[in-house]
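The values are calculated or read from the model by the stated rules, or taken from the named source; none is laboratory data. Fair warning: this is a prediction, and the values are worked out from it, not measured in the lab. Cβ placement follows ideal geometry from the backbone for every residue including glycine, while neighbour counts extend to all protein chains displayed. Each accessible area value is taken on the protein alone, full model and side chains, heavy atoms only, with ligands, DNA and RNA left out. Shrake-Rupley method; radii C 1.70, N 1.55, O 1.52, S 1.80 Å.
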Amino acid sequence: MILTKAQYDEIAQCLVSVPPTRQSLRKLKQRFPSQSQATLLSIFSQEYQKHIKRTHAKHHTSEAIESYYQRYLNGVGRNGAAPVLLELANEVDYAPSLMARIILERFLQEHEETPPSKSVINSMLRDPSQIPDGVLANQVYQCIVNDCCYGPLVDCIKHAIGHEHEVLLRDLLLEKSLSFLDEDQLRAKGYDKTPDFILQVPVDLGRA
């Protein structure tokens, strides 16, 4: 099904007032039942990533970080089981996984002797059970699983889709008996940039 610009713009306009959660994606599917889930998710991700790039800086000022952290502490102090971080992210219109990263970094700065490295932060986001605070671990987990645009869960899904498409392309090239070099072969030859495949003899795939 071909998506017209008018249809794209209508969908994009609906995204202005909704948070980047899986619940919002389900509501979008109800609003546009004729569009596939993959199409809606693609538009959802593109439009929200544009928004995040435009507003990223304001969420990373020292004042904003301290405000978010104090609101998080106050929220979990009242009810540690409530989705405090997720609701905060939705309220200030920021990706839940990115909000989780802000609060996690601020927490570790306060409780660890040395500033946390990027690799440590990433590891904890991938596996929140490593976070040395059970309440924060649960809050981060809620953000990760409810974010459909950012975070380690989304990265895993994108990687799996990319691998699937790579396998399909390889099968197509083999089926058409086309000679090619794959990424590993290109890297072994010293190529700096390694696309998935390079045809050794250029052809018109429409006629192959």
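Things to note:
- Those residues of the range 160-190 which are in a loop (DSSP other than H, G, I, E, B) and in contact with a helix residue (DSSP H, G or I) (Cβ under 9 Å, 6 or more places away or on another chain), in sequence order: Leu178, Ser179
- Restricting Asp127, Asp184, Asp192, Asp171 to those that are out of contact with any Asp or Glu (no Cβ under 8 Å at 6 or more places or on another chain) and under 30 Å from Asn90 (Cα atoms) reduces the list to Asp127.
- Residues (surrounded by 17 or more Cβ atoms within 10 Å (Cβ to Cβ) and of a type outside the set (Lys, Arg)) located in the range 53-72: His59, Tyr68, Tyr69, Tyr72
- Selection count where residues are open to solvent by 30 Å² or more (accessible area, probe 1.4 Å) and either without any contact (Cβ under 8 Å) to a residue 24 or more places away in the chain or not in a helix (DSSP H, G or I) (or both), scope the range 77-101: 8
- Yes/no for Val154 being aliphatic (A, V, I, L, M), over 20 Å from Val76 (Cβ atoms) and either open to solvent by 20 Å² or more (accessible area, probe 1.4 Å) or in a helix (DSSP H, G or I) (or both): yes
- Of all residues in the range 124-141, those that are in a helix (DSSP H, G or I) and open to solvent by 30 Å² or more (accessible area, probe 1.4 Å) total 7.
- Qualifying residue in the range 187-195 (condition: closer than 25 Å to Gln49 by Cβ and crowded, with 19+ Cβ neighbours inside 10 Å): no
- Filtered by the rule that a residue be under 12 Å from Val201 (Cβ atoms) and open to solvent by 70 Å² or more (accessible area, probe 1.4 Å), the range 177-186 gives a lone residue, Ser177.
- Taken over the range 23-48, the residue count meeting the criterion of being of a type outside the set (D, E, K, R) and either at pLDDT 90 or above or open to solvent by less than 50 Å² (accessible area, probe 1.4 Å) (or both) is 11.
- Condition check for Leu3: in a helix (DSSP H, G or I) and on the phi < 0 side of the Ramachandran plot: no
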